[in-house]
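These notes are about the structure you will find just below.
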Amino acid sequence: MFVEAPCSPAATATDQLAIVVRELESIIAPLCTALVQARALDAATQWQSKTATAFHLMAEDWAHDLSRLGVLAYEGVGDVRRAHEHAAYAAWACE
C-alpha cells in the first residue's frame, strides 16, 4: 500500500534546503582562504624556540581542522542537494 506524503512539508523542505545549500556553498571559499593562510603561518614559523614550536603545531592543527571542515561542507552541499531534489520531486508530485 502506498501512502502519500503531505504536500505542504515537501514544498517547505524544498525552500529550506535551497537556503542550506546556499549557506554551505558560501562558507567553502572562506574556509579555503583560511586554510591557505593557516598553511602559510605553519610554513613561516621558525622552530627555534619552544614558543615558536608550539605556534607551529597550533597552526598545523588549525590547518588540518580547516581542511576537514572544508571537506565536510563540500560533502554537505552534495547531501543537501540530493535531499532538495527529493523534496522538490515530492512537492511536484503533489501538484
Selection over the range 41-95 where residues are of a type in the set (S, T, N, Q) and touching a helix residue (DSSP H, G or I) at 6+ places or on another chain (Cβ under 8 Å) yields a count of 3
List every residue pair whose Cβ atoms lie under 7 Å apart, where the two residues are 6 or more positions apart in sequence or sit on different chains, the first residue falls within the range 50-61 and is charged (D, E, K, R), and the second residue, located anywhere, is modelled with pLDDT under 85.
60/42
Qualifying positions in the range 10-33 - of a type in the set (Asp, Glu) and more than 13 Å from residue 75 (Cα to Cα)
15, 23
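Each row is one residue, and each column tells you yes or no for (1) assigned to a helix (DSSP H, G or I); (2) at pLDDT 80 or above.
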residue	(1), (2)
22	yes, yes
25	yes, yes
31	yes, yes
37	yes, yes
42	yes, no
47	no, no
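The values are calculated or read from the model by the stated rules, or taken from the named source; none is laboratory data. Nothing here was measured: the structure is a model prediction, and the numbers come from that model. Here Cβ is always computed from backbone atoms with ideal geometry, including for glycine, and neighbour counts include all displayed protein chains.
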